[in-house]
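Student: Quick one: the structure is below, and I'll ask about it shortly.
No value in this document is a laboratory result; all are computed from the given coordinates. Fair warning: this is a prediction, and the values are worked out from it, not measured in the lab. Heads up, the Cβs are rebuilt from the backbone with ideal geometry, glycines too, and the neighbour counts pull from every protein chain shown.
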Amino acid sequence: MRIHDAVIVGAGFGGIGAAIQLQRLGYDDLVILEREDDLGGTWHVNRYPGLAVDIPSATYSYSFEPNPHWSRHFAPGPELKRYAEHVAEKYDVRRHMRFGVTVDGARWDEESSTWQVNLRDGETVAGRFLLTATGFLSQPKLPDIAGIEDFAGTVVHTTRWDDDVELTGKRVGIIGTGATAVQLIPELAKVTDHLTVYQRTPIYVSPKLDGPVPGLVRGVFDKVPLTQRLARLAGTSILEVMMVAGVLHYRNLPAANQLGKRACEAHLRRQVKDPELRAKLTPDYDFGCKRPTFSNTYYPTLARPDVDLETTSIDHVDAGGIVTADGRRADLDVLVLATGFDLWETNFPAIEIIGREGRDLGKWWRETRFNAYEGIAVPKFPNFFSLNSPYSYSGLSYFTTIETQMAHMERLLAGLAERDADVFEATEEASDAFLERMTGLLGDSVFNAGQCATARSYYFNQHGEAVLLRPTSTLSAHREAARFPLEDYTFSVGAQAR
Ligand code: NAP
């Protein structure tokens, strides 16, 4: 059987970045397995109206491949998809991709020192290294609401958007008010006859400093790349301050957190004059417990006469619409589920992964605690880069996480080569020490020190621990990725090399 240098699961920005790094390090026999029919991950799958990035585009991109052509400061979704295609072509990683391939699981084979990756159609693919780049927000969550299957109209989840669903002149209901709904609701209201928005938990919304990037600026970005690097630095610095001061150091710097909260509350006051509606839209948890979002059009849309914000909980759905707990019903033609993603039940990991001594990663995480050394490696899982791990998400732009992990791969694989070894494994001691340090740091964050009980935030797992985000600055994460002690791993010679 052919043994690839590496098997990468997922052809989104994470998988593309990992493939670029492996190629740079001399590993050219790669296979990237993707369940969708094209690359781009979230930016290929999500196509709902209004989709756009909500991190400034100069920052939401690979630092080594700036794109001077973004049309807006916050680029629309299709531009992100084109950017992913451009990067994959330019860095010649598309040739490794196989689409429409669902991976069921992977098992470390001690005898051959390889990962045996099982595909749904029965095929097995083998690789020396395994990398999972399956994303955090890739398993859509369908709400557990009684009677939803009885609805006679059309039901559509935002991540499976269907342009053929007729919305013009229709009575539409949308469940959920997360970042997706905040983008979609203004677009829906433009065409629907009536829109009912079902909100369970309000979200903090701050003004979006968006607009077209003038041609002159794009030209300057193109001719003098340093200017775009400065724009990136500015964007990254603002996000870093928001995250570090406002969220991670909540206990020591509560005033910074208050600044974020106040900015959102002032935005709400400016845009919504009706005190009753404003009260419904005011979160009762601390800023940062749940991912805030940016919009200039969300609040004004909710104030429209043909849009209702419904905050009474949903009792059930029947053939004709939604009935709330107080017995009122809304007759609907279309039901949009903006109910987000399942992170903690079907993700972590997204596929079954069995390491040494039969250790099942998903079970082990659930039976002990969720952790990965430096957010990337797990003891008993040799030659495995778990790119969507607990404590891996660093900063607000996903690209900071991707590039931090690329730096970790570079140091680790150089260490492996220097030792003439071909199997690495994080030690239990290093992993435990990392977990202890992260747990300690979380104590200062808004997640532990603030009021997050009512936020219903997906940052928290089933044990109530906020283990998705790494509670350090992105600078510190990157520095550690480039300098971590190589003694935190064991290196050995695998069966193939012996
Ligand atoms: P989300 O933030 O998880 O929001 C899901 C919404 O559905 C919440 O309002 C939730 O209410 C509601 N909901 C779920 N189950 C429900 C139920 N059974 N009954 C009533 N309401 C229910 O998901 P999302 O909006 O798709 O966003 C997910 C993440 O994707 C964002 O945080 C962001 O990181 C990313 N995103 C990014 C962009 C961008 O950059 N352009 C755009 C969109 C999304 P509760 O809060 O009460 O649970």
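Student: In whole angstrom, and with the biggest value first, how far do the Cα coordinates of segment 66-145 range along each principal axis?
Tutor: The Cα atoms of segment 66-145 stretch 52, 45, 20 Å along the principal axes, largest first.
Student: With the cut-off at 25 Å, report for segment 377-498 the share of all Cα pairs above it, as a whole percent. The partial results should precede the final answer.
Tutor: On the way: 2169 of 7381 pairs.
Roughly 29 percent, rounded to a whole number.
Student: Evaluate Rg over Rh across segment 1-87, taking Cα atoms for both radii and Kirkwood's formula for Rh.
Tutor: Details: Rg = 14.3 Å, Rh = 14.0 Å.
Checking Rg against Rh, the ratio lands at 1.02.
Student: Another question, if that's okay. Of the lysine pairs in the chain, how many meet both conditions: Cα atoms under 24 Å apart, and a spacing of 8 or more in sequence or different chains?
Tutor: Summing the qualifying lysine pairs gives 20.
Student: Now a separate question. Can you sort LEU259, LEU413, LEU387, LEU216 from fewest to most other Cβ atoms within 10 Å of each residue's own Cβ?
Tutor: Working: LEU259 15, LEU413 18, LEU387 27, LEU216 8.
In increasing order of surrounding Cβ atoms, one gets LEU216, LEU259, LEU413, LEU387.
Student: Quick check on segment 369-432: take the gyration tensor over C-alpha atoms, sort the square-rooted eigenvalues as a ≥ b ≥ c, and tell me if it's rounded (a/c under 1.5), prolate or oblate. Don't skip to the end; give the middle numbers.
Tutor: Numbers: a/c = 2.63, a/b = 1.31, b/c = 2.00.
Verdict is oblate for segment 369-432.
Student: Please arrange SER206, SER295, SER63 by how many other C-beta atoms lie within 10 Å of their C-beta, fewest to most. Working shown, then result.
Tutor: Details: SER206 21, SER295 24, SER63 14.
Going from least to most buried by this count: SER63, SER206, SER295.
Student: Can you tell me the orientation of helix 13-24 relative to the chain, as the angle in degrees between its alpha-carbon axis and the longest Cα principal axis, to the nearest 10?
Tutor: In the chain, helix 13-24 runs at an angle near 20 degrees to the longest axis.
Student: Å³ per residue of the Cα convex hull, for segment 239-372?
Tutor: Expressed per residue, the convex hull around the Cα atoms of segment 239-372 is 201 Å³.
Student: Eigenvalues of the Cα gyration tensor times 5, then square-rooted: what semi-axes does that give for the chain, in whole angstrom, largest first? Don't skip to the end; give the middle numbers.
Tutor: Working: eigenvalues 300, 128, 111 Å².
For the chain, the semi-axes come out at 39, 25, 24 Å.
Student: Here is a further query. For segment 221-282, which trypsin sites (Lys or Arg not before Pro) are in a loop by DSSP, counting at most 16 other Cβ atoms within 10 Å? All intermediate terms of the calculation are to be shown ahead of the outcome.
Tutor: Numbers: sites: LYS223, ARG229, ARG232, ARG251, LYS261, ARG262, ARG269, ARG270, LYS273, ARG278, LYS280; in loops: ARG251, LYS273.
Sites meeting the loop and neighbour criteria: ARG251, LYS273.
Student: For the chain, what proportion of DSSP beta bridges, expressed in % and rounded to the nearest 5, is antiparallel? The partial results should precede the final answer.
Tutor: Details: 26 of 65 bridges.
Among the beta bridges of the chain, antiparallel pairing accounts for roughly 40 percent.
Student: With a ≥ b ≥ c the root eigenvalues of the C-alpha gyration tensor of segment 199-260, is it rounded (a/c under 1.5), prolate (a/b larger than b/c) or oblate?
Tutor: On the way: a/c = 4.27, a/b = 1.82, b/c = 2.35.
Because a/c hits 1.5 or more and a/b fails to exceed b/c, segment 199-260 counts as oblate.
Student: Related question: Taking the Kirkwood radius as the inverse of the mean 1/r across Cα pairs, report the Rg/Rh of segment 149-197. Each step should come with its number before you reach the end.
Tutor: Values: Rg = 10.5 Å, Rh = 11.4 Å.
A ratio of 0.92.
Student: Something else about it: Positive end of the charge dipole of segment 389-498 (Lys, Arg +1 and Asp, Glu -1 on Cβ, about the Cα centre): tell me which of PHE491, MET406, ALA433 has its Cα farthest that way.
Tutor: Of the options given, the answer is MET406.
Student: I need HIS463, HIS96 ordered by Cβ neighbour count within 10 Å, fewest first.
Tutor: On the way: HIS463 10, HIS96 23.
Least crowded to most crowded, the residues run HIS463, HIS96.
Student: Kindly express, to the nearest 10 degrees and within the range 0 to 90, the angle between helix 179-191's C-alpha long axis and the longest C-alpha principal axis of the chain.
Tutor: The angle comes out near 40 degrees.
Student: Something else now. How big is D, in µm² s⁻¹, for segment 126-240 by Stokes-Einstein at 4 °C and 1.567 mPa s if Rh is the Kirkwood radius over C-alpha pairs?
Tutor: Numbers: Rh = 18.8 Å.
So the translational diffusion coefficient is about 69 µm²/s.
Student: Taking only Cα atoms, what is the 0 to 90° angle, nearest 10, from helix 474-483's long axis to the longest principal axis of the chain?
Tutor: 10 degrees
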